[in-house]
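**Student:** Dumping the structure here so I can ask a few things about it.
Values quoted throughout were computed directly from the atomic coordinates according to the rules given, and no laboratory measurement underlies them. Since the model is a prediction, treat every value here as computed from it, not as a measurement. Every residue, glycine as well, gets a Cβ built from its backbone with ideal geometry; the counts of neighbours run over all protein chains shown.
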């Protein structure tokens, strides 16, 4: 199984009692997932786009900063609790790239294919031992825009970056990313299995476990 590291910083002293939650994302898959999960604890999930809320410029210097920025923006404009995530691929030997620019590594309008080609070019000088990286997901949950003690979860999924893509599934850098302990890339994994093991999957699990434990 691929190794996942996670960090949880949460306000465990108070109960989760919010009836509505704004998700700062327009990704239909994420909205379906969060809708199903939060329904179990009596919270209605609403995508920010349905309220006419546009995504803010991501000016943070870390994934956590960007997740907080997006969640706070959604909470401020909706006057409701809000959840946001920020994620990407980090390769230490490349100084952390693609990092915060994972979705636009090859340029502002780059496709997933363009980004993979750019990453492969950057990796060429590196030895096999140095072609190690991790996917990171930062989740931020705020009760309000002024919440001084937000819940923050950070999860990392480590793996090897290959010399050529493999697999048709997933998205982003998945065809180049082989999780530690597995012989297949993230793009070759069964979607349900990937959702359980991935950085985002584990982050969501940790979030729900914390809410259920302390609600």
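**Student:** Just checking, which of 40, 71 is touching a strand residue (DSSP E or B) at 6+ places or on another chain (Cβ under 6 Å) and under 24 Å from residue 149 (Cα atoms)? Walk me through it before giving the result.
**Tutor:** Working: 40 fails: touching a strand residue (DSSP E or B) at 6+ places or on another chain (Cβ under 6 Å).
Just a single option satisfies the conditions, and that option is 71.
**Student:** For residue 93, indicate whether it is touching a helix residue (DSSP H, G or I) at 6+ places or on another chain (Cβ under 6 Å), surrounded by 19 or more Cβ atoms within 10 Å (Cβ to Cβ) and not in a strand (DSSP E or B). Working first, answer last.
**Tutor:** Working: touching a helix residue (DSSP H, G or I) at 6+ places or on another chain (Cβ under 6 Å): yes; surrounded by 19 or more Cβ atoms within 10 Å (Cβ to Cβ): no; not in a strand (DSSP E or B): yes.
No; evaluated as a whole, the condition is false for this residue.
**Student:** Just to be sure before I move on: is residue 54 exposed (fewer than 14 other Cβ atoms within 10 Å of the Cβ) and either in contact (Cβ under 8 Å) with a residue 40 or more places away in the chain or not in a strand (DSSP E or B) (or both) in the structure I sent? Even if it seems obvious, please write down each step before you answer.
**Tutor:** On the way: exposed (fewer than 14 other Cβ atoms within 10 Å of the Cβ): yes; either in contact (Cβ under 8 Å) with a residue 40 or more places away in the chain or not in a strand (DSSP E or B) (or both): yes.
Considered against the rule, which asks whether it is exposed (fewer than 14 other Cβ atoms within 10 Å of the Cβ) and either in contact (Cβ under 8 Å) with a residue 40 or more places away in the chain or not in a strand (DSSP E or B) (or both), residue 54 comes out as yes.
Condition check ((1) exposed (fewer than 15 other Cβ atoms within 10 Å of the Cβ); (2) touching a residue at least 24 places away in the same chain (Cβ under 8 Å); (3) in a loop (DSSP other than H, G, I, E, B)) across all residues:
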{"site": "101", "(1), (2), (3)": "no, no, no"}
{"site": "106", "(1), (2), (3)": "no, no, yes"}
{"site": "110", "(1), (2), (3)": "no, no, yes"}
{"site": "119", "(1), (2), (3)": "no, yes, no"}
{"site": "126", "(1), (2), (3)": "yes, yes, yes"}
{"site": "135", "(1), (2), (3)": "no, yes, no"}
{"site": "139", "(1), (2), (3)": "no, yes, no"}
